[in-house]
Structure formats: C-alpha cells, structure tokens
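The values are calculated or read from the model by the stated rules, or taken from the named source; none is laboratory data. All values reported here derive from a predicted model rather than from experimental measurement. In this analysis, Cβ positions are derived from the backbone assuming ideal geometry, glycine residues included, and neighbour counts consider all displayed protein chains.
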Amino acid sequence: MNRPELITMAALALMAGYAAAQPVPTLPAPRDMGLDGPANGDPLAGPREANTTPPYAIKPSADTLPDETVLPINLSSAFMLSDARPLIIEAAKAAELVAAAQMQRANVLWLPNIYAGVDYFRHDGLYPLPSGGVAVNNRASLTMGPGISAVFATTDAIFEPLAARQILKAKQMSVQAAKNDALMEVAVSYFNVQQARGRMAGANDTVARAKELVRRVSVLGRDLVAPIEADRAKTILAEQEEVLVKAREDWQVAAADLTRLLRLNPAARVVPTEPPHLALFLLSPSQEVDTLIPVGLTNRPELAASQAIVQATIAKLRQERMRPLIPSLVFQGNSGANGNSAPLVGGMAAGGVLGDIQYGSRFDLNAVALWELKNLGAGNRALIREREGQRLQANIELFNTQDKVAAEVAQAHAQLRSAKNRVALADTGLREALINYEGNLKGMEQTTRFGDLLALVNRPQEVVAALQQLDNAYKAYFQAVQDYNRSQFRLFRAMGYPAEVVACRNLLDTPAEVDTTRPFDLPPVTAIPCANALCGTAGGR
C-alpha cells in the first residue's frame, strides 16, 4: 500500500474517531411563532403580529447607492394609500360615475324637451286646393314663443330606471372589489419587498462568513490543506456576492412595483420599517375550508355585482315583453308657422295674405298615444329572445363567479396552511444550518494526530458545503415567511372582507409619513368623487 493511501485511510480513521468522541448536538426545538390561532367564531381573528423573534439576530441591510432615493414606509401607511391612490380604484370609480349618469338620464325619460324660438313661413305662387285645382296664394306667417316636445316609449320610462339602478349597484360593488384587489396587490408587492430585504440580509451574512472562511483557509499550512481548498473558498465567496447583488436587484424591482401601485416616486427604493422576518396574522389556518367558502360566497362584492347584472337583464326582459302592450306617448307643440315645423306651442303670431297681415296669439298642442308592433310583431319577438339570452348569459357568469370564489378560497386556504408549516420547518432548518456551519468551522480549526500525521478534523470543503446549506436555509426561511403573509391577504380578499377593515386602521404601528411627491413628468394623483354624491337615489355602499 502506497503512502497516499495510508494517509487517506489514516485521515478517515481519525475523523471517524473524532466524530465518535464528539457529543451528539442537540437540535433546536420548534418555536411557537404565533402563526395560528383558535378556530372558533369569526374567521377574521387578527390582525396581530406573529413571528416577532427571528431564529438568528438578522440585521436588515440598509445599503443604498450614492444617488439612490430612500422612501421609508410601513405596512399601515401602505394600506392607507392603497385605499385611494391605485389606478384600478380610479378606473372603477369612473365606471361608477358613468353608470350614475346613465341612471339619471333614465329617470328623466318622461320629461319633455323645451324650446324657445321664432318660426317664419312665406309662400308665393300656386298652391294646390283640396278640390284638385290650384290657386295663387301669396301668404306669410310668423310664430314666436316657447315650445315643448316629449316623445318616449312608456316602457322605457318605466323599466330603464330599474335596469340602470341595478347597473349602478353593480358598478358600486365593482369599486369595492377594486379596493379589495388593490389591497391584495399592494400587500403582495409589499411582502415581495420584504422577501428581497430578507434575502439580502441573509446574503450579507453569508458573504461575511465566506470572507472569513477565505481568510482562515489562506492561513492554513500546505501540509493541512491542498491549495485547491483556497480556490474552493474563493468560489463560494464569489457565489455569495452574486447572490447579494441579485437580492439587491430583486429589492429594487419589487420596490418599483410597489411605487407603481401606490403611485409614488418610481425611482425611490422603498424601505419598510418592519423587520423582514415579521409575519401578520389575520385568519386562522386551522379553520376548515368548508366553513370559509360560505363566508366568501356571502361577502364577495363580485358576486353582488353579478347578481345586480342578473336583475338588470330581468328588467330589460320585462321591458321588451311589455313593450307591445304599453303605448308610446307624444306631447308636442304644433304652432309652427306652417303647422308642421318647429314644436312651438304658441305665443305671439302673425299671418295672412301678403299685404293684409293679421297679428295676435295662438296655442297648439298634439297629444298622441301609439301602440307599436315592430315588424308585424316579429321584431318584438326577436328582442324578447335577445333579452332572454342576455339573462342566461348573466346567470352563467354569476355561476362562474361563484365557482371562482369557492376555488380562490380553497386555493388561498391551502397556500396558508402550507406556508404556516413551511415557516416552522424553515425556522428549524435555519437554526440547524447555523449550528451546522459553526460546528464545521470550529472543526476546521481543530487537528488530531495519527502517528506522525497531523490532519484537520473538518476539511474546508465541508465548511463550504455547510455555508451553501446556510444560504439555502436563509432563502427558504424568508420565502416561507412572506408566502405566509401573501397567502393571508389572498385568503382575506378571497373571503370578501372589505379592504377598509385593514386599510383604515393601524395594523402594527401608526402610519408612517410617506413622501407622496412624484416626478414632474408623471401625471398627478387626483381623486375621482364618489358617484353617490351625484346620484342620491343610488344608495350607499
């Protein structure tokens, strides 16, 4: 047996003996992080803080570039801004304004148009007589005064306001749905920022440890480690520095998305004041999904909007069924100079044969009731079938929305339960990874003898492997924590709780003052008024 083989066997024997002599490390016990709560009563048991103590004294990075703008913010201020500034809410409010205006117009279909004007008529030459002959009749007339015209289908005046009221209700529910969506989008984006911050904090720690590893390996003698071990340590340092750069990029990208949603300065880097390991408890993961789905089917504004659309289509269907039975009405002035021109009801008038004009006043008004069968009734039948099809479409969309709500509740609940378990596992895994790294690093400083052979208890490559595991543990931990936070708000939105429950209250702290100024070349943030201010009959949300 040659010398290298003897050295290898001796080293293995030494490590085996050392390992047998070492005490078995005590693994960290799972911690109660407050990620769950009693599953009784209202599913909305929060909000409250959870996972307030990190598994390791992690210091979030505050590294900023020289030309970088820092924008401090906290969760309470972000949610307060999410209730007013996102464009998705403004778009829904604009649609609500349109629906309110349409309802106002439908409510006044029965009101006449009024006019004021002058109508002049003159005829020279031949004029046909009723007997069939003609006569020379040079005459002129003039009418000055008010006019009136009301031509409307009574069925439209009755049923259009009913349908328009339901459309407005649907748009109002869409505003609430937009607020809920905006809150969830802001929450997801905010926790993306927190995940990137946590990843960067972990990368800072692993980079510092990798630098220390390079230093320690470089001072070990060549009789203890091969030169390749120094290159291995430098490689892991380069890898961790690349992770740090990528984490900084992820932070900047996530911050830009959050500033887009809140319409803040897009060039600023958002810096949350909460630590990146903090979790927010809203809903208990212990609740059974069967008890949560009915809450979502009751609360979701999208379902209320779909139900209102169904009611609007029913009103339209009744409108077409009643159209042939209810007459259309015509009220119109008929005092025009020629009897069939401007709808003037009368006033000052003049007329007669040229050269003998009479002056006085006049009043003329036509009132007509008309029953109509469109295209001998076939057109009415087609309209009824069209409205029936629209009602069926609205019903199908309602059923589709119900299925979608149930699926979203089930999906978010599954994600929340999984995230809760993953946080506990990742917390234990991170603490074990720290123990593993410290133990391997300590072993690299210890030597033992086998005859005249001196060997390290742990080789540098084992420390490198432990450092890689530590980096993976950091990544898994912060992703699990923020997945828990994101799934809390996905379930909150899926169950239809209004955004105002968390957007208009202090969650973990008082709202921080946020610089809401924007670059001059971006449009300013303006608020669209609520449609209820314009249409009192619409009712409150």
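Applying the condition of being under 33 Å from the mean Cα position of the chain (by Cα) and without any contact (Cβ under 8 Å) to a residue 60 or more places away in the chain to segment 383-392 and asking which residue is nearest to Glu212 (Cα to Cα) yields Leu392. Cβ-Cβ distances below 6 Å connect the following pairs, each with a first residue in segment 418-433 that is assigned to a helix (DSSP H, G or I), a second residue that is of a type in the set (Val, Ile, Thr), and a separation of six or more residues or different chains: Val423/Val481. With respect to the conditions (1) over 19 Å from Gln488 (Cβ atoms); (2) touching a Phe, Trp or Tyr at 6+ places or on another chain (Cβ under 9 Å), Lys404 lacks only one, and its number is (2).
Given Val207, Val217, which one is at pLDDT below 85, in a helix (DSSP H, G or I) and more than 19 Å from the chain's Cα centre (by Cα)?
Working: Val207 fails: at pLDDT below 85.
Exactly one of Val207, Val217 is at pLDDT below 85, in a helix (DSSP H, G or I) and more than 19 Å from the chain's Cα centre (by Cα), namely Val217.
Residue count for segment 401-435 under the criterion of being in contact with an Asp or Glu (Cβ under 7 Å, 6 or more places away or on another chain), of a type outside the set (A, V, I, L, M) and surrounded by 22 or more Cβ atoms within 10 Å (Cβ to Cβ): the result is 1.
Residues in segment 160-203 that are among the β-branched types (Val, Ile, Thr) and more than 30 Å from Ala426 (Cα to Cα): Ile167, Val175.
For segment 70-144, please list each of the strands (runs of 3 or more DSSP E) lying entirely inside it that holds at least 2 residues being exposed (fewer than 13 other Cβ atoms within 10 Å of the Cβ) and without any contact (Cβ under 8 Å) to a residue 12 or more places away in the chain. Even if it seems obvious, please write down each step before you answer.
Details: elements: 113-123, 126-128, 134-136.
Filter on segment 70-144 gives 126-128, 134-136.
Among the numbered conditions (1) under 54 Å from the mean Cα position of the chain (by Cα); (2) farther than 30 Å from Gln479 by Cβ, the only one that Leu278 does not meet is (2). One residue stands out among those in segment 145-169 that are among the hydroxyl-bearing types (Ser, Thr, Tyr) and part of a helix (DSSP H, G or I): the one that is nearest to Leu303 (Cα to Cα), which is Thr155.
Of all residues in segment 245-261, at least one satisfies being closer than 30 Å to Ala424 by Cα, among the aliphatic types (A, V, I, L, M), over 20 Å from the mean Cα position of the chain (by Cα) and part of a helix (DSSP H, G or I).
For segment 132-153, which residues satisfy the criterion of being out of contact with any Gly (no Cβ under 6 Å at 6 or more places or on another chain), at pLDDT 80 or above and more than 22 Å from Gln358 (Cβ to Cβ)? Scanning segment 132-153 gives Ser149, Ala150, Val151, Phe152, Ala153. Within the option set Gln176, Gln172, Gln194, being in a helix (DSSP H, G or I) and either farther than 25 Å from Ala95 by Cα or charged (D, E, K, R) (or both) holds for one residue only, Gln194. The single residue among Val270, Val330, Val295 that is touching a residue at least 60 places away in the same chain (Cβ under 8 Å), assigned to a strand (DSSP E or B) and within 26 Å of Ala182 (Cα to Cα) turns out to be Val270.
Look through segment 444-474, keep the residues that are at pLDDT below 80 and assigned to a helix (DSSP H, G or I), and return whichever of them is surrounded by the fewest Cβ atoms within 10 Å (Cβ to Cβ).
At the first step, the residues of segment 444-474 found to be at pLDDT below 80 are 444-461.
If we keep only those that are assigned to a helix (DSSP H, G or I) as well, we get 444, 460-461.
Numbers: Met444: 24, Pro460: 25, Gln461: 18.
If we take residues in segment 444-474 being at pLDDT below 80 and assigned to a helix (DSSP H, G or I), then Gln461 is surrounded by the fewest Cβ atoms within 10 Å (Cβ to Cβ).
Within segment 341-378, the set of residues being closer than 23 Å to Asn138 by Cα and either in contact with a His (Cβ under 8 Å, 6 or more places away or on another chain) or assigned to a loop (DSSP other than H, G, I, E, B) (or both) comprises Ser341, Ala342, Leu354, Gly355.
Based on this model, can you work out whether Ala182 counts as at pLDDT 90 or above, surrounded by fewer than 23 Cβ atoms within 10 Å (Cβ to Cβ) and small (Gly, Ala, Ser)? Lay out the reasoning, then the answer.
On the way: at pLDDT 90 or above: yes; surrounded by fewer than 23 Cβ atoms within 10 Å (Cβ to Cβ): no; small (Gly, Ala, Ser): yes.
So Ala182 fails the test.
Residues in segment 298-326 that are surrounded by fewer than 20 Cβ atoms within 10 Å (Cβ to Cβ) and not in a helix (DSSP H, G or I): Pro324, Leu325, Ile326.
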